[in-house]
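The values are calculated or read from the model by the stated rules, or taken from the named source; none is laboratory data. Source: prediction; values computed, not measured. Positions of Cβ are backbone-derived with ideal geometry, glycine not excepted, and every protein chain shown enters the neighbour counts. Each accessible area value is taken on the protein alone, full model and side chains, heavy atoms only, with ligands, DNA and RNA left out. Shrake-Rupley method; radii C 1.70, N 1.55, O 1.52, S 1.80 Å.
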Amino acid sequence: MVVPWWMGKRKLMSLPGHRQSRGGPRRLRGAGSSPGRAGADGHGDHVVVGDAGPADGLAAATGGLLAVALLRRVLGGAKRNRLGGLRRTNGSSAYSGVCTCARYLRAIEGLLRILIRDTPCDDDPRSSRPDRIRAGFGRDGRMRIPATELRRLLAPIVSGTGRVPGATPARGPARLTVGICTYDDFDGAWFTIASLLLHHGEVMPVTEILLIDNNPEGAAAGVLKSLEAGVPNLRYVPVTTVRSTAVKHMVFPLAAGEIVVVLDSHVLLVAGALRAVLDYFDRRPGCRDLVQGPLLHDDAVTVCGTHLTPVWSDGMHGQWAVDDRAKDPAAGEFDIPMQGTGVFACRRDAWPGLSTRFRGFGCEEGYLHEKIRRNGGRTVCLPALRWLHRFERPSGVPYRLAWEDHLRNYLIAWSELGWDTGPVLRHFGEHMAPESVRSVHDAVGVELAHPAALFDGALYPVELGRGRPAPTAESPEPGTSARPPVPCGVAVAAVAHGDPQVAELLTHRRLLIHAHLHGWDSVLVADSLRTLSACTHERLRCEHAPHPDLAVHVPEVNRRGNGGTTGMIVAYRRAAYRSVLAELPAGPRTARRWLDRNGPVPAWLASKAAEAAGGL
């Protein structure tokens with residue numbers, strides 16, 4: 001008998017259908033008053049892609065209780081009949097299995113009864129339990145987001161086939177965050193985490209280990225998630241909204257620590273390396289540097305790479321080189337032009353970000369280092385930060401490696417920095433067919449000509465049903481033109497609700513939380529992919545001119561609040577969307593009261609933008 005993982009830990013939050021929300025006595029409600037849901041729960045055959053409320057958890061628990069009762073009757077009859085007439089001596093193994101199953105069913109029944117008793121109503125104001133407080137900004141200015149909502153925002157799997165584990169709730173404050181990004185690499189991640197615990201114990205009490213799973217519907221996801229049970233300072237977060245090596249960017253907006261170290265999931269640090277990083281930043285409060293270290297050979301002694309020289313080779317910008325100053329681990333830091341990003345450290349508040357438009361294997365080397373320098377920091381090699389990297393993959397690389405992705409990423413990065421793309425095209429022209437180079441170059445040119453390219457990201461909601469994929473620029477909504485392509489046009493699951501205005505409000509809030517989680521300084525929010533694709537520079541220039549932080553284009557029909565949203569597009573900068581987030585309600589019940597007081601979201605946003613422009 002295999003014991004379900006959630007049974008072994010006695011965590012009610014892990015039961016199918018359960019959702020973290022605020023407490024209070026449970027009142028039964030009619031189906032019409034509960035938020036709808038698109039898709040199924042993450043512990044079943046499908047994953048959550050809508051807004052599952054407590055009523056859904058109550059229904060699942062009640063149905064589960066009835067199923068358990070039926071199974072117990074069947075098993076009881078089997079026990080009485082000695083498994084259909086078999087003598088116990090011959091069928092002892094089967095009989096024992098039935099008895100064990102019956103014991104677990106009784107335990108499950110007890111947990112389901114507790115769940116039914118304690119499942120709260122949405123937005124009940126009477127609870128003060130910390131894990132049931134709605135998302136909001138804390139005193140430190142950082143947003144608190146329940147783990148269940150975190151999964152819907154960062155891993156909105158819409159294929160209808162994957163099972164995505166839930167995110168680990170935040171563990172609390174930390175001095176240092178070690179972020180490990182992995183993609184179907186359980187062995188590498190396990191040994192990296194084990195090495196941290198074995199060789200860096202002196203800093204573990206002040207360290208958060210943040211494990212970001214970039215393929216949480218894959219075979220390794222369940223065992224990666226299970227590490228949270230044995231490692232008290234580990235936090236597991238599934239992320240699918242970024243599918244490239246640029247997922248390293250996600251470590252920073254999610255990190256609890258002021259200082260952040262990012263590792264590949266197959267990197268080992270020598271003893272004392274993390275202590276050296278903390279000492280470096282302690283001696284330089286407020287510095288904006290990117291700190292890296294020398295790569296060691298497989299013998300764990302010989303230095304084989306302290307930096308990269310800016311030379312093109314085999315589709316990559318940078319060739320390994322060695323500076324003799326790094327041979328002494330006790331030597332001081334020195335400036336370098338660039339280095340491989342298997343290991344790097346930076347203060348959370350000084351992180352300049354990576355392009356959200358990268359796809360597949362990234363091009364961080366050189367690009368990230370230039371952004372750090374333009375942001376007022378140094379790019380240095382700290383000899384004490386020595387590391388080993390597992391390069392060999394005898395079973396093959398599990399993620400996509402394509403020359404077209406390499407070229408596309410370099411063109412986007414070089415264009416962002418204002419660098420000449422001629423050397424990029426000439427180098428890739430030596431390895432790719434001329435027509436392929438032209439095709440990628442032209443596609444990137446069209447992408448960057450779209451007005452959404454002026455923003456860190458572009459978002460739109462989509463109503464998802466079971467097994468229905470989210471539309472993209474490559475596979476758009478029916479009747480929607482796929483031209484021009486929308487750079488970083490991310491589909492976010494809409495909140496389902498019987499009241500269209502409530503659904504519109506909660507969906508808009510979810511889109512803004514998505515932008516906040518990804519650390520975007522600016523975002524373009526549209527009510528559909530059609531609206532986003534039809535956006536023009538003229539519209540943005542006209543609407544954005546009065547106020548640089550918030551601009552709203554709302555058709556007149558929506559200003560009056562008639563019908564659903566059609567054509568609304570909002571341009572935000574970080575200060576504006578944080579301000580709006582602080583004012584929008586979190587649940588359907590408070591949303592209805594908010595709407596009665598403030599009117600429909602499009603009209604409220606338009607008036608807010610007008611007031612901000614008038615205050616200039």
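Determine ³J(HN,Hα), in whole Hz, for all residues of the range 303-312 in sequence, where each value follows from phi through the Karplus function 6.51 cos²θ - 1.76 cosθ + 1.60 and θ = phi - 60°; x replaces Gly and Pro.
Listing the rounded values in order: 7, 10, x, 9, 6, 10, 8, x, 10, 7 Hz.
With labels modelled as points extended 7 Å from the Cα through the Cβ direction, what inter-label distance (nm, one decimal) is found for LEU454 paired with ALA331?
4.9 nm
P(r) for the range 402-449, please, calculated from all Cα pair distances in 5 Å bins and given in %.
5, 23, 38, 25, 9, 1
When averaged across all projection directions, what area in nm² does the alpha-carbon convex hull of the range 143-389 cover? Don't skip to the answer; put the middle values down first.
On the way: hull surface 52.3 nm².
Averaged projected area of the range 143-389's Cα convex hull equals 13.1 nm².
What are the ³J(HN,Hα) couplings of the range 394-401, residue after residue, when phi is run through the Karplus curve with 6.51, -1.76, 1.60 and θ = phi - 60°? Round to Hz, x for glycine and proline.
Per residue, the Karplus-derived 3J(HN,Hα) values read x, 8, x, 7, x, 10, 6, 10 Hz.
Can you run phi through the Karplus equation (6.51, -1.76, 1.60; θ = phi - 60°) for the range 320-330 and list ³J(HN,Hα) in whole Hz, with x for Gly and Pro?
5, 8, 10, 9, 4, 5, 8, 5, 9, x, 8
Would you mind computing, in nm to one decimal, how far apart the modelled labels at ASP499 and CYS287 are, each placed 7 Å from Cα along Cα→Cβ?
Once both label points are built, they end up 5.4 nm from each other.
Could you list which residues have their amide H under 5 Å from that of VAL178, counting only those 5 or more apart in sequence or on another chain, with H placed in the peptide plane?
GLU208, ILE209, LEU210, VAL261
Express the accessible area of the range 402-449 per residue in Å², computed with a 1.4 Å probe while the remaining protein chains stay in the model. Before the final figure, lay out each step's value.
Values: 2270 Å² over 48 residues.
Per residue, the range 402-449 has 47 Å² of solvent-accessible surface.
Pairs of alpha-carbon atoms within less than 8 angstrom and 6+ residues apart define the contacts here; what relative contact order does the range 143-389 have, in percent?
Values: 525 pairs, mean separation 56.1, N = 247.
Over the range 143-389, the number comes to 23 percent.
Net charge within 13 Å of TYR183 by Cβ-Cβ distance, Lys/Arg positive one each and Asp/Glu negative one each, not counting TYR183 itself?
Working: positive: ARG243, LYS248, ARG393, ARG400; negative: ASP184, ASP185, ASP187, ASP213, GLU217, ASP264.
That sum, taken over residues with Cβ under 13 Å, equals -2.
Return the distance in nm (one decimal) between the two label points of a simple spin-label model at HIS431 and THR309, each offset 7 Å from Cα along Cα→Cβ.
1.9 nm
Net charge near VAL580, counting Lys/Arg +1 and Asp/Glu -1 over other residues with Cβ under 12 Å of its Cβ?
Residues near VAL580 contribute +3 overall.
Relative to the present Cα-Cα distance, how much length would full extension add between GLU258 and ALA402 at 0.36 nm per residue of separation? Mind dumping the intermediate values first?
Working: separation 144, 0.36 × 144 = 51.84 nm, distance 3.54 nm.
Contour length minus Cα-Cα distance gives 48.3 nm.
Counting only protein heavy atoms, what percent of the accessible surface of the range 143-389 is carbon or sulfur at a 1.4 Å probe?
55 percent
Calculate the FRET efficiency for LEU197 and TRP419 from the Cβ-Cβ distance with a Förster distance of 45 Å, rounded to the nearest 0.05.
On the way: r = 42 Å, r/R0 = 0.93.
The calculated FRET efficiency here is 0.60.
Quick check: residue separation of SER607 and ALA575 times 0.36 nm, minus the Cα distance between them. What number comes out in nm?
On the way: separation 32, 0.36 × 32 = 11.52 nm, distance 1.71 nm.
Net length gain for the segment: 9.8 nm.
Kindly report the accessible area of the range 209-318 per residue (heavy atoms of protein chains, probe 1.4 Å, no ligands, DNA or RNA), in Å².
31 Å²
Return the long-range amide H neighbours of TRP312 (sequence gap of 5 or more, or a different chain), with a cut-off of under 5 Å between placed amide H atoms.
GLY318
Amide H neighbours of ASP527 under 5 Å, at least 5 residues apart or on other chains, H built in the peptide plane: list them.
GLY567, MET568
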